[in-house]
Amino acid sequence: MSEYVSALMEQVKAKNPAEPEFHQAVQEVAESLALVLDRHPEYRSARILERIIEPERVIMFRVPWMDDRGEAQINRGFRIEMNSAIGPYKGGLRFHPSVNLGILKFLAFEQVFKNSLTTLPMGGGKGGSDFNPKGKSDNEVMRFCQSFMSELFRHIGPNTDVPAGDIGVGGREVGFLFGQYKRLANEFTGVLTGKGLNWGGSLIRPEATGYGAVYFAAEMLATKHDSLDGKMCLVSGSGNVAQYTCEKLIELGAKPLTLSDSGGHILDEEGIDREKLAFVMDLKNVRRGRISEYAEQFPTAVYTVADGSLDHNPLWSHSADCAFPSATQNEINANDAKSMLENGVKAVSEGANMPTDAAGVELFLDAGILFGPGKAANAGGVATSGLEMSQNSLRMNWPREEVDGHLRRIMKDVHSACVAASERFDRKGNYVDGANIAGFLKVADAMMDQGVV
Ligand code: NDP
């Protein structure tokens, strides 16, 4: 680690104690940028990176709500408005019991670089709550969302801050949140993305993150004159990103073998086909059941219960060509990365945010496999949110093919931007450095133009 990076990290840790995910995300970016800052002392003297690390605004608030038994419940709500140098704050809301300030700051920080890579004018933000939607009735989720928005609405707006979904926030939650915003603000605007199709949503938005992660993998493979056709793929998670990753993999002739949730994972050696995927979508999006039911429905599959006491995640021990981690942060550690390399994985495209820990990333990079970091590989979701904002401003709806065409082009451009930046700074083949550098330069230049604000 360079002297500059270690001094910076010391400050970050002292100023933001007990936020390990935030430290991890900042350190990775700082290491990538060390050479850029050496070659461009103007960024260092304007303290651009130091400013990017400090959120422009952090909002924390109480979210009280009544459960179905008539008992009062209290959760904590957050919105991190990280950086608005290139556009309004943009980034999802996560509802999960693990949510805390440090996790949301890491996600908001990553979002700044990701949004910059999409080529669209969007700043970075993230928010959410430690509320757990699992096991709650629709009415409880509605009451929670209404209470959450009763505070959040005063901080957001179509030209200020535009939230979207993330873990635990899908179409149902966005609907309840939008309804309450509209009621309080007395206006119908594109203040949230991921909306329903008949009230301002965009075609392809639900599919976009998963499709985008697959398009990114296809671009990486094309640099080696290879394609996804016939590839065996490991996919983790079974939510929005995992489902549409599987859908696009099947369409491109690849074979998804695994899916998971926090209870465990299934391995289907015959492959998850369209019919089995339809079962998963109904199971997860309608019946809100557990992935273990897949193995009860399809005898070709084996279910393995998650075991937190293990030093690895057995999902990553199966033989495959490609991997699409699509559940959550730090789900691949060094042991997992090692077994993936031993079992033939040649390409990893991160649908989730920071699913590989720092030691795992190092192993992938040292092995020289194609490794697409989340801030590039999963940028398709927020990019399509940007397209939803454009359609809302124009008061138009583009057809499916048009949005998918934009998504494909954007993922191609994100890939090219990573390659170009990595080559310009002598890091050819390193998509981590490429994404961090390309994302940084656009934001840094805008911040230089706008003065010390
Ligand atoms: P969903 O809530 O739809 O699905 C999340 C999936 O991951 C579920 O299967 C869930 O299982 C599993 N999961 C979540 N947390 C854990 C955990 N701690 N341990 C084990 N499994 C877990 O979320 P998304 O698919 O939207 O998001 C998945 C990832 O993709 C996240 O990292 C998110 O930040 C990222 N992402 C999402 C985007 C989007 O457009 N939705 C855009 C860009 C990135 P269970 O139900 O049991 O909790």
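Each value in this text was obtained by applying a stated rule to the coordinates, not by laboratory testing. In this text the structure is predicted, and so the values were computed from the model without any measurement. Positions of Cβ are generated from backbone atoms using ideal geometry, with glycine treated the same way; all protein chains shown enter the neighbour counts.
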- [ ] About the Cα centre of the chain, how large is the charge dipole given +1 on each Lys and Arg Cβ and -1 on each Asp and Glu Cβ? Please answer in debye to the nearest 20.
- [x] 1340 debye
Task: DSSP bridge pairs, the stretch 208-377: antiparallel proportion in percent, nearest 5 - done: 45 percent
- [ ] Using only the C-alpha atoms of the stretch 1-53, find the volume of their convex hull and express it per residue in Å³.
- [x] 69 Å³
TODO: Please work out how much length the chain gains when fully extended from H312 to V58, using 0.36 nm per residue of separation minus the C-alpha to C-alpha distance, in nm with one decimal.
DONE: 88.0 nm
Open item on the list: Using the Cα centre of the stretch 55-187 as the reference point, and only Cβ charges (+1 on K/R, -1 on D/E), how large is the resulting charge dipole? Debye, rounded to the nearest 20.
Closed with: 100 debye
Open item on the list: Quick check: from the Cα gyration tensor, does the stretch 385-434 come out rounded (a/c under 1.5), prolate or oblate?
Closed with: prolate
- [ ] Rounded to whole Hz and in sequence order, give me ³J(HN,Hα) for the stretch 413-427 from the Karplus expression 6.51 cos²θ - 1.76 cosθ + 1.60, θ = phi - 60°, writing x for Gly and Pro.
- [x] 5, 4, 4, 5, 5, 5, 4, 4, 5, 5, 6, 4, 10, 6, 10
Task: Rg/Rh (Cα only; Kirkwood hydrodynamic radius) as it applies to the stretch 208-377 - done: 0.93
Task: Relative contact order, percent, the chain [alpha-carbon distance under 8 Å, six or more residues apart] - done: 16 percent
TODO: Give me the percent of DSSP beta bridges within the stretch 55-187 that run antiparallel, rounded to the nearest 5.
DONE: 70 percent
Task: Net length gained if the chain between E401 and V302 were fully extended (0.36 nm per residue, minus Cα distance) - done: 32.0 nm
Task: Per-residue ³J(HN,Hα) for the stretch 158-166, Karplus 6.51 cos²θ - 1.76 cosθ + 1.60, θ = phi - 60°, Hz, x for Gly and Pro - done: x, 10, 10, 7, 10, x, 8, x, 6
Task: Cα radius of gyration and Dmax for the stretch 55-187 (Å) - done: 14.3, 48
TODO: Report the antiparallel proportion of the DSSP beta bridges in the chain as a percent, rounded to a multiple of 5.
DONE: 60 percent
- [ ] Filter the cross-link list K224/K248; K13/K126; K105/K224; K90/K231; K284/K428 down to pairs whose alpha-carbon distance in this structure exceeds 30 Å.
- [x] K105/K224; K90/K231; K284/K428
Open item on the list: For the chain, what does the convex hull of the Cα positions come to per residue, in cubic angstrom?
Closed with: 140 Å³
Open item on the list: Within a 10 angstrom radius of the beta carbon, how do F131, F176, F61 rank from fewest other beta carbons to most?
Closed with: F61, F176, F131
Task: Backbone HN-Hα couplings from phi across the stretch 269-286 [Karplus 6.51/-1.76/1.60, Hz, Gly and Pro as x] - done: 5, 7, x, 8, 9, 4, 5, 5, 5, 4, 4, 4, 5, 5, 4, 8, 8, 10
Task: Spin-label pair M9/D449, simplified geometry with 7 Å Cα→Cβ offset, distance in nm - done: 3.4 nm
Task: Value in Å of the Kirkwood radius, where the stretch 278-418 supplies the Cα pairs that are averaged - done: 17.5 Å
- [ ] For G125, list long-range residues whose amide hydrogen, built 1.01 Å from N in the peptide plane, is under 5 Å from its own amide hydrogen.
- [x] M82, K90, G91
